[in-house]
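Single-structure report; data block below.
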Amino acid sequence: MRDVKLASLCSALLLAAACNPLANKANAPGATTHGLELSAIDRSVKPGDDFFGYADGAWVKATQIPPDRSTYGAFAALREVASKRAADLIKGAADQNAAPGTETRKIADYYASYMDEAGIDKKGLAPIKPQLDAIAAVNDRSGLARLIGSTVRADVDALNNTNFHTPNLFGVWVSPDFADANRNVAYLMQGGLGLPDRDFYLKTDPKMTALQAQYRAHIAKVLQLAGVADAEAKAQRIYTLERKIAESHVSRADSEDVHKANNPWAAADFAKKAPGMDWTSFFQGSGLAGQPKIMVWQPKGVSGISRLVASEPLDVWKDYLTFHALDHDLNVLPKPFRDEAFAFYDQTLSGQAKPRDRWKVSVDAVNTALGDAVGKLYVEKYFPPEAKAKIQAMVANIKDAFGRRIDRLGWMSPATKARAKEKLATLYIGLGYPEKWQDYSGLEVASGEPLANRDRAELFNYRQMLARLSKPVDRSQWWMTPQTVNAVNLPLQNALNFPAAILLPPFFDKDGSDIENYGGIGVVIGHEISHSFDDQGSQFDAYGNLVNWWTPRDAAHFKDSSERLARQYDAYEPLPGLHINGHLTLSENIADVAGLSASYDAYRASLGGKEGPAAQGFTGDQRFFLSFAQTQRYKAREQALRNQILTDGHSPSPWRAATVRNVDAWYPAFQVQPGQKLYLAPADRVRVW
Ligand SMILES: [Zn+2]
């Protein structure tokens, strides 16, 4: 649940220094100075009025969002570093002329194929023709169901990466069973939308209405480019079908409720509970045949889609599948398709001004297909054992601090506290890289076949996931690659992953001071730990079973604090008329409050309770809070900010920086007074932990 990240990943462009904050950043990786970034601070702003504006205001003024991006900030800058490093490793692999079949050779061939745009242009539609032919050959509903099944991939992840979107009609997530965390089970999730969420189809404000027309034009354009006759009329029918799918979808907020997702269905239940689709054919096509049970995450969405599979004309479904097959592969089709991918998805939908360089797109593609193979190289080169040792010590301190906060809670019953402590003790915290690497020997990567390579890699990944269905749960299983700039809580495994690539400044400086590290990565660690104990974490016990281990009184207190925090965020209005959704972002906001509080305690405890030394003109406590706010550096184009507010479980970073107003120690550190905009009376500060 709940990756810590903020916005879409668009990666590196080490352009002119002017639009690359890392270029003039004192504590960039490899630099010799450490600590806060003083040039980011705007001393004309009062910390008590706008803490983000104070800590990051000068950075905001000086920074332009690079034209190939829709957002920019601390995470994006780190992603540039990670992406550049991954690119160097991947290009390095290409220079080695490694033996066929080795991981190095697979990395090299995958990358070179993706980079060869001339080769892609020359082949035209030939590489995708087998897929289009298979769709054209469908002539009855069972053939349709089998084909829909064959498009299913492991491209959704409900609780770890909280990715609920797949343009395929369904997505599968393989994870421990709610009822028995020792066994894996397949979770089936609703999908089928080209736009990010049902709201994009159902909202009727002018911006969304315009976007809907632009999406219909995009569908028509893709079909036209592929030489499909009658593209305009078909696009209209495809859009109408997607709109019906959207109407059947469960909302994002409801999708986050695990109790609504706890629906074990036997294979035979599907025909009764979700009539319409030929489920036997679907299970054959998707490789799920023979599973004793499947967890249906959104019964309303799944049954609604199933009804449409029966009721909508076969030809419309075939047009829909044709469009989605093409749309999925736009980046590995000839130039007019790639241009259209940029024009619609990057420009119209995200406000990005300029296409990303091909090498960046290709690096991302290799990272997606062969993530652990690249990760192994990344860790060898960039994550030395001393960095791991330092972060391990911090994690131990923050865990202890969290345990002490549990002990001190006035509202939690002793029985619940004992179970919370048990959960804390059994928490697996993965640092840097997984204990076991993915084996890619079964994945075929061929030179000159970017589209087929991509499809094979997605299918390989899906089959690896299905293979877990017959194996015991491995609680140390990772859900992110080491070169990913992020961190994640895995509720069904009672585990956390902190990839090597986030363990860098401004989050973590292995040669820097602990104070800034506690304000940076320490808060992230506390944030992720707290997810194990929040509204969702309280639903999963120490072993990952879906068991509520709180008393009703504990839950009532938590709900009361939560509601007050939701109201605090509901009041924020990042765009005129568009407020943050305090409930959509509640879990993340609670985690920010808890993470900041626990990491503050851990920093003080590491110094025997004393405040840390002053440096760079700031007191120890100021350094801690400023370091936190500097990790929240962020700018977004209006469209991207709007998308984020509507669909992302995380509040936009500038409002995350305002978390400080709930922590008592922040007030004396910056002499924050009543009447200042962020001031909260002690009784109004939300303390959950
Ligand atoms: Zn989170």
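The values are calculated or read from the model by the stated rules, or taken from the named source; none is laboratory data. All of these numbers come straight from a predicted model, not from anything done at the bench. Glycine also receives a Cβ, built like all others from the backbone with ideal geometry; neighbour counts cover every protein chain displayed.
Assorted remarks:
- For segment 571-589, the set of residues classified as farther than 22 Å from Trp666 by Cα and away from the ligand (no atom under 16 Å from the Cβ) consists of Glu573, Pro574, Leu575, Pro576, Gly577, Leu578, His579, listed by residue number.
- Residue under evaluation Gln568, criteria (1) buried (at least 21 other Cβ atoms within 10 Å of the Cβ); (2) among the polar types (S, T, N, Q); (3) within 16 Å of the ligand (Cβ to nearest atom), criterion not met: (3)
Okay, residues lined up against (1) modelled with pLDDT of 95 or more; (2) within 16 Å of the ligand (Cβ to nearest atom):
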site	(1), (2)
Ala418	no, no
Tyr433	yes, no
Gln438	yes, no
Asn461	yes, no
Met465	yes, no
Thr481	yes, no
Asn486	no, yes
Asn494	no, yes
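- Annotation: of all residues in segment 446-487 being touching a Ser or Thr at 6+ places or on another chain (Cβ under 8 Å) and among the hydrophobic types (A, V, I, L, M, F, W, C), the one that is nearest to Gly544 (Cα to Cα) is Ala457.
- Only one of the numbered conditions (1) surrounded by fewer than 22 Cβ atoms within 10 Å (Cβ to Cβ); (2) among the aliphatic types (A, V, I, L, M); (3) farther than 30 Å from Phe498 by Cα is not met by Val174, and that is (3).
- In segment 351-367, the residues that are farther than 18 Å from Ala82 by Cβ and touching a Cys at 6+ places or on another chain (Cβ under 8 Å): Gln352
- With a requirement of 2 or more residues that are within 16 Å of the ligand (Cβ to nearest atom) and under 30 Å from Leu195 (Cα atoms), the helices (runs of 4 or more DSSP H) lying completely within segment 590-666 that satisfy it span 638-647, 653-657.
- Residues that are without any contact (Cβ under 8 Å) to a residue 60 or more places away in the chain and farther than 24 Å from Asp257 by Cβ, drawn from segment 281-305: Ala289, Gly290, Pro292
- Of the helices (runs of 4 or more DSSP H) lying entirely inside segment 195-251, those carrying at least 1 residues that are in contact with a Phe, Trp or Tyr (Cβ under 8 Å, 6 or more places away or on another chain) and among the aliphatic types (A, V, I, L, M) are 206-225, 231-248.
- So Arg85, is it within 21 Å of Asp346 (Cα to Cα) and out of contact with any Asp or Glu (no Cβ under 9 Å at 6 or more places or on another chain): no
- Condition check for Pro292 on (1) assigned to a helix (DSSP H, G or I); (2) surrounded by fewer than 20 Cβ atoms within 10 Å (Cβ to Cβ): one failure, at (1).
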